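Accompanying notes for the structure given below.
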Amino acid sequence: MNWMAIWVTVKLASLTSLALLAIGLPIAYWVTFSKWRWRFLVESIVALPLVLPPTVLGFYILVAIGPHSPLGRFYTELVGHPLPFTFEGLLLASILYSLPFAVQPFAAAFEQVDRRVIEASWTLGRSKVQTFFRVVMPLSTAGLVTGVVLSFAHTLGEFGVVLMVGGNIEGVTRTVSIDIYDEVQALNYAGAAKTALFLLIVSYAVLLVVYAMNRKVWSAWPQK
Amino acid sequence: MAAEVAIDITKTYPGRAPIHGAIRYPLDQATSMVLFGPSGSGKTTVLRSIAGLEWPERGTIRFISRTWLDTSARIRVTPQERRIGYMPQDYALFPHYTVEGNIGYGLGELSPPDRAKRVAEMVELFQLQGLESARPRELSGGQQQRVALARAVAPRPQLLLLDEPLSALDASTRIKVRGDLRRLLTQLALPSIIVTHDWTEALTFGDVIAVMGAGDVLQVGSPQDVFSRPKNAQVAQIVGVETVVEGSVIDQLNGLVTVGVNGTMLRGLGPEPVGSQVLVCIRAEDVVLEQAGSGMTSARNHLIGTVTGLTPQGVMVQVMIDCGFPLAALVTRGALEDLTLRVGSKVTAAMKAGAVHLIAR
């Protein structure tokens, strides 16, 4: 088994879910509570990675962060090296690719929070930000866990985007799914089988957590 | 500037008739105003606009010297800055906080010891001892209502807003809680605005009553004004109780109460003790008219009076009678002819004790 690839993958998936927690919460809050009539434009953009072929998404990201784009040039000037084919570039691509897997469960959870409870908090003098952390988030924990876990699992298995943006650099951007592809290309089926089984088990474990959370199998747990 | 509440707003929801709320009344220390009307009349929208939870597209809301909303001057004070206590219809307690956590939620500006002290005061005032660590879902309806009220008044708001405070309770609890709530509001000495569709609640709580129907405020006045002297047929139909007069309990025997109203004795049913002040409420349709001096009936009340006015209402006629106090009766045109009633005629008005509703004030 290629432990280096596993390490790169787990690091990428963890950082992606963490970043999506930070970016996804405000987006989900806005999508849930905005009264803007063109809100669906933003919702559609967030959901785009669900239907777009990963190679298409990867291609656009590659062009957008490449040395010929203003963004790419700015990054190169700032850091000293271009963004494509680095771990940071791969992380950026993963965040965009998994965005709907975090934002949609978050938004669905926020939607379930009783508006009257939120309003009660406002009338008691608590600002919208305080209300978010004291009322909205604690009442959406299952949705928050689902979003984090799903974006983690989704990043574990990404292939097309990684290949387009990250390339296949050992120890930097070679993830588990690319490693399996390489092993199969080299006709090393035994190596591929071990890594594939590892990915299968991790993915299944992650989904167990999600479904168990939403069925409230742990409702006997003390609630805060 | 005199202390008063002045509201004049228009709020439109897509596909519905606009809601106009125009209410103005002077504010004594603890005036409580009841927004009264059938469901769908717009009273909750007016209350939510006062709370800052709805933004009317046009209008002004002024509370004493502060302007909370003035659309022409682009003034929009947020609910956080209005210092109100708001209790929505289903209480909206925080399910993830304990009773203490709920009550202390709005006390963020106090130091922890002061907050604990205030919460303890509220627990005692609202008789929630022993439930401090309970979650809302473990409480009965009446307890939830007390927690919601305690949470609303704990930060010492300058105005208390209650949306149908008793509607989530079952009928038997409601009557007890109604009296408790009335006493608490008096004790708290807080100005309040209360939304209700129940006329007994309106008369229990209201110093001022604003009647709403079909999106408009139809009449604003004292309980007697609004109930006994409705401005038009629409108000009369909404309030549904034509006679509301003040009286005091003179005798109480096994739930049969004798009330003196301006020298006239009336028998009603109720638990009110001797000496208490009550509002006596009689629906015109419950009053039976007899020729003066006719025989015995099962009705406990036989009042002799003089007809002072006749107002046709469709197939019925409303007869106003002076029997020490103004009493309204509703009879058919045929009955009116049989009794040969006209202004100045003597008549006996009879009603069962159960039709004489007493509301403690």
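Side notes on the structure shown:
- Solution diffusion estimate, µm²/s, Stokes-Einstein, region B:1-101, Kirkwood Rh from C-alpha pairs, 25 °C, viscosity 0.890 mPa s: 164 µm²/s
- In order through region B:148-162: 3J(HN,Hα) via Karplus (6.51 cos²θ - 1.76 cosθ + 1.60), integer Hz, x for Gly, Pro: 4, 5, 4, 4, 6, 8, 4, x, 6, x, 8, 8, 10, 10, 10
- Cβ-derived FRET efficiency at R0 56 Å, B:Glu109 paired with A:Thr55, nearest 0.05: 0.50
- Note on chain A: with charges restricted to the Cβ of Lys and Arg (+1) and Asp and Glu (-1), its dipole about the Cα centre is near 1020 debye.
- Comparing B:His96, B:His302, B:His20 in a Gaussian network model of chain B, where Cα atoms under 10 Å apart are tied by springs, the biggest mean-square fluctuation is seen for B:His96.
- Selected from B:Ile103, B:Ile75, B:Ile194 as most flexible by GNM, with chain B as the system and alpha-carbon contacts under 10 Å: B:Ile75
- Region A:107-224, relative contact order in percent, only Cα pairs under 8 angstrom and at least six apart counted: 24 percent
- Summarising the label geometry, the points placed 7 Å from Cα in the beta-carbon direction at A:Ser14 and B:Asp170 lie 5.5 nm from one another.
- Stretched out straight at 0.36 nm per residue, the stretch from A:Asn188 to A:Phe159 would grow longer than its current Cα-Cα span by 8.5 nm.
- Solvent-accessible area lost in complex, 10 Å² minimum, residues of region B:101-116 relative to chain alone, 1.4 Å: B:Tyr105, B:Gly106, B:Gly108
- Residues in region B:164-204 reached by a label modelled at B:Gln29 [backbone nitrogen below 13 Å; 7 Å Cα→Cβ]: B:186-191
- Highest GNM mean-square fluctuation among A:Val79, A:Val165, A:Val148, for chain A modelled with Cα contacts below 10 Å: A:Val79.
- Surface share of carbon and sulfur [accessible, 1.4 angstrom probe, percent] for region A:119-224: 69 percent
- With coordinates expressed along the principal axes, the C-alpha atoms belonging to chain B extend over 73, 51, 38 Å, beginning with the largest.
- Chains A and B together bury roughly 1900 Å² of accessible surface, counting both sides and using a 1.4 Å probe on protein heavy atoms.
- Vicinal HN-Hα couplings computed from phi for region B:106-112 (Karplus, 6.51 cos²θ - 1.76 cosθ + 1.60; Hz; Gly/Pro x): x, 9, x, 7, 8, 6, x
- Over chain A: helical MRE at 222 nm, DSSP H runs n ≥ 4 each giving -39500 (n - 2.57), nearest 500: -23500 deg cm²/dmol
- Spatially, region B:104-118 and region B:214-290 are offset by 44 Å when compared through their Cα centroids.
- Within the accessible area of region B:244-360 (1.4 Å probe), percent carbon and sulfur: 56 percent
- At a threshold of 50 Å², the residues of region B:65-98 that become less accessible to a 1.4 Å probe in the full protein assembly than in their chain on its own are B:Gln80, B:Phe94, B:His96.
- Estimated from the Cβ-Cβ distance and a Förster radius of 45 angstrom, the FRET efficiency linking B:Glu285 and A:Val42 is about 0.15.
- Rounded to the nearest 20, the Cβ-based charge dipole of the protein assembly as shown about its Cα centre (Lys and Arg +1, Asp and Glu -1) stands at 360 debye.
- Interface residues of region A:117-138, defined as a loss of at least 30 Å² in heavy-atom accessible area between the chain alone and the complex of all protein chains with a 1.4 Å probe, are A:Val117, A:Glu119, A:Ala120, A:Trp122, A:Thr123, A:Leu124, A:Arg126, A:Arg134.
- Average silhouette area of the protein assembly as shown, convex hull of alpha-carbon atoms, in square nanometres: 37.6 nm²
- With a simple spin-label model that places each label point 7 Å from the Cα along the Cα-to-Cβ direction, the separation between A:Glu170 and B:Ala6 comes to 8.3 nm.
- Sulfur and carbon atoms: percent of accessible area, region B:92-132 [1.4 Å]: 51 percent
- Using the Cβ-Cβ distance between B:Leu269 and A:Leu71 with R0 = 56 Å, the FRET efficiency computed as 1/(1 + (r/R0)^6) comes to roughly 0.10.
- Accessible surface, 1.4 Å probe, highest first, among residues B:Val5, B:Val217: B:Val217, B:Val5
- Solvent exposure of region A:90-148 amounts to 37 Å² per residue of accessible area, where only protein heavy atoms count and the probe is 1.4 Å.
- Each Lys or Arg adds one and each Asp or Glu subtracts one; over the other residues with Cβ under 12 Å from the Cβ of B:Leu358, this totals 0.
- Solvent exposure of chain B as accessible area per residue, Å², 1.4 Å probe: 44 Å²
- Euclidean distance between Cα centres, region B:26-103 to region A:170-192, Å: 63 Å
The values are calculated or read from the model by the stated rules, or taken from the named source; none is laboratory data. This structure is a prediction, so every number in the text was calculated from the model and none was measured. We place every Cβ from the backbone using ideal geometry, glycine too, and count neighbours over all the protein chains shown. Surface areas here come from the heavy atoms of the whole protein model, side chains and all, with no ligands, DNA or RNA. Shrake-Rupley method; radii C 1.70, N 1.55, O 1.52, S 1.80 Å.
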